[in-house]
Amino acid sequence: MKKVISIGEALIDLIPQQKGVALKDVEGFLRVPGGAPLNVAAAVAKLGGKAQMLTKLGIDGFGDAILEEVKPLGVDVSRVGRTNQANTALAFVSLKEDGERDFSFYRNPSADMLLSEDEIHEEDFENGSILHFCSVSLIDAPIKQAHKKAIEYATKYNGIISFDPNVRLPLWESPEACRQAILEFLPLSNIVKISDEELEFITGIKDEQEALKSLFVGNVEVVIYTKGTNGSDFITKERKVTIPSFTVKAEDTTGAGDSYIGSFLYQVAQTVNTLEELVQLDEVKVTEIMTFSAATAALTVSKKGAIAALPTKEAVIEMMNR
């Protein structure tokens, strides 16, 4: 079993207790740990896999709360640093009636941004791990160099590198700065998970098929294309496998994509030794993996709180058998 290493932001999501209310009008919030890379690590661990988190937290109650939530799930937090130079990041969220979100971030700077390349340890990657990262932490801060170091080590030991752009424009000086950071790191990854809402923004191409083809740059060999209620695709340079989504009432879509790619990477870690093996998986196995991932995401959005809502492996299997 491979280990999945997530690097990037770990923060507190403050989820509103009312739906359909603008952020300025929300009267109460539910505090839950979040941050896309942490959500992915938690998903892997909750399903029974090996997960490690690389980040930094403030020496504050919010940092304590994050660790208290993910440690019992089995996430390895031995490399999570603590600092008094900045606080743990906060993200205030407002929910529309359909479960979609608006964000307001308090992260200027936050503790995770101070993770440095010196705090990335080569020995963590020596067994050919899967490395997962997102774009939020590719800003001009020490954590960007930490990402480069982690990618360097993962590449050195023939690890599989997964990238979910996870576009969050409010955290960037401009949309173009976000896009350029994504395009800089895209060729360094082997698996790219992208949503239909992000595709045109990232590629600059209106035609869906042409936009998807353009993602195969550098080391990219697999694209996971999620389309909400329209299902998802497993795409390589040679083929595409499409599976439908599960129909559920969305309570909170926070962490939907994270639970999907976390579930996908959990299964890859269980069954695949090399990137080449993943690319060459037969259609039956690909369909099984993607269906399991879709069920994981469906169960996650049916409850509030990205990590708190994560299902067990048994619950996912039950969902698939309905």
Item to complete: Post the alpha-carbon centroid distance, segment 133-167 to segment 268-308, in whole angstrom.
Response: 21 Å
Discussion item. Can you classify segment 21-121 as rounded, prolate or oblate using the Cα gyration tensor, where a ≥ b ≥ c are the square roots of its eigenvalues, rounded means a/c under 1.5, and otherwise it's prolate if a/b beats b/c and oblate if not?
Written reply: oblate
Response to the item:
In the list (i) 19.4, 60; (ii) 18.0, 51; (iii) 20.5, 68, the entry giving Rg and Dmax of the Cα atoms in Å computed from the coordinates is (ii)
Worksheet item: Nearest 0.05, what FRET efficiency do Glu184 and Arg82 give at R0 = 35 Å with Cβ-Cβ as r?
Response: 0.75
Fill in: Asp140, Asp233, Asp60, ranked by accessible area, largest first (probe 1.4 Å)
Asp140, Asp60, Asp233
Worksheet entry | Residue of Ile243, Ile194, Ile12 that the Gaussian network model of the chain assigns the largest fluctuation, springs spanning Cα pairs under 10 Å | Ile243
Worksheet entry | Top of Gln267, Gln280, Gln145 by mean-square fluctuation, Gaussian network on the chain, Cα under 10 Å | Gln280
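Which shape class, rounded, prolate or oblate, goes with segment 74-231 when its Cα gyration tensor gives a ≥ b ≥ c as root eigenvalues, a/c under 1.5 marks rounded, and past that a/b bigger than b/c marks prolate?
Oblate is the answer for segment 74-231, as a/c is 1.5 or above yet b/c matches or exceeds a/b.
Can you show me the helix-derived [θ] at 222 nm for the chain, built from DSSP H runs with n ≥ 4 at -39,500 (n - 2.57) apiece and divided by the number of residues, rounded to the nearest 500. Write down the numbers at each step before the final one.
Numbers: 10 runs with 106 residues, N = 322.
Taking each H run of at least 4 residues, the total per residue is -10000 deg cm²/dmol.
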Worksheet entry | Glu251 versus Asp282: modelled label distance in nm, points set 7 Å from Cα along the beta carbon direction | 3.9 nm
Worksheet item: So how strong a dipole does segment 193-308 carry about its Cα centre when Lys and Arg Cβ are +1 and Asp and Glu Cβ are -1, to the nearest 20 debye?
Response: 280 debye
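Work out the length of the dipole vector of segment 1-150 about its Cα centre, built from +1 on the beta-carbon of each Lys and Arg and -1 on the beta-carbon of each Asp and Glu, and round it to the nearest 20 debye. Walk me through the intermediate numbers first.
Values: 17 positive and 22 negative charges, 42 e Å.
The dipole magnitude comes to about 200 debye.
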Worksheet item: If contacts are Cα pairs under 8 angstrom and at least 6 residues apart, what is the relative contact order of the chain in percent?
Response: 18 percent
Response to the item:
Taking alpha-carbon centroids only, segment 199-262 lies from segment 47-91 a number of Å equal to 28 Å
Fill in: Contour minus Cα-Cα distance for Arg168 and Thr229 (0.36 nm per residue)
19.9 nm
Worksheet entry | Solvent exposure ordering (accessible area, 1.4 Å, most first) of Ser94, Ser116 | Ser116, Ser94
Worksheet item: Got a sec? Charge dipole of segment 154-239, +1 on Cβ for Lys and Arg, -1 for Asp and Glu; which of Asn190, Gly204, Pro165 is way out at the positive end?
Response: Asn190
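Heavy atoms only, probe 1.4 angstrom, no DNA, RNA or ligands counted: give me Thr271, Thr203 ranked by accessible area, highest first. Could you put the intermediate results ahead of the total?
Working: Thr271 65, Thr203 25 Å².
Ranked from most to least accessible, the order is Thr271, Thr203.
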Practice prompt. Can you tell me how much longer the chain between Glu197 and Glu68 gets when fully stretched, taken as 0.36 nm per residue apart minus their C-alpha distance, in nm with one decimal?
Written response: 43.1 nm
Discussion item. I want the local charge near Thr271. Using Cβ-Cβ distances under 11 Å, sum +1 for each Lys or Arg and -1 for each Asp or Glu among the other residues.
Written reply: 0
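Starting from the alpha-carbon convex hull of segment 135-223, give the projected area averaged over all orientations, in nm². Please report the intermediate quantities before stating the final value.
Details: hull surface 21.9 nm².
Over every viewing direction, the Cα hull of segment 135-223 projects on average to 5.5 nm².
The values are calculated or read from the model by the stated rules, or taken from the named source; none is laboratory data. Remember, predicted model here, so these are calculated numbers, not experimental data. Reconstructed Cβ throughout: ideal geometry from the backbone, glycine too, with neighbour counts over all protein chains shown. Please note that ligands, DNA and RNA were not included when accessible areas were found on the heavy atoms of the full protein model with its side chains. Shrake-Rupley method; radii C 1.70, N 1.55, O 1.52, S 1.80 Å.
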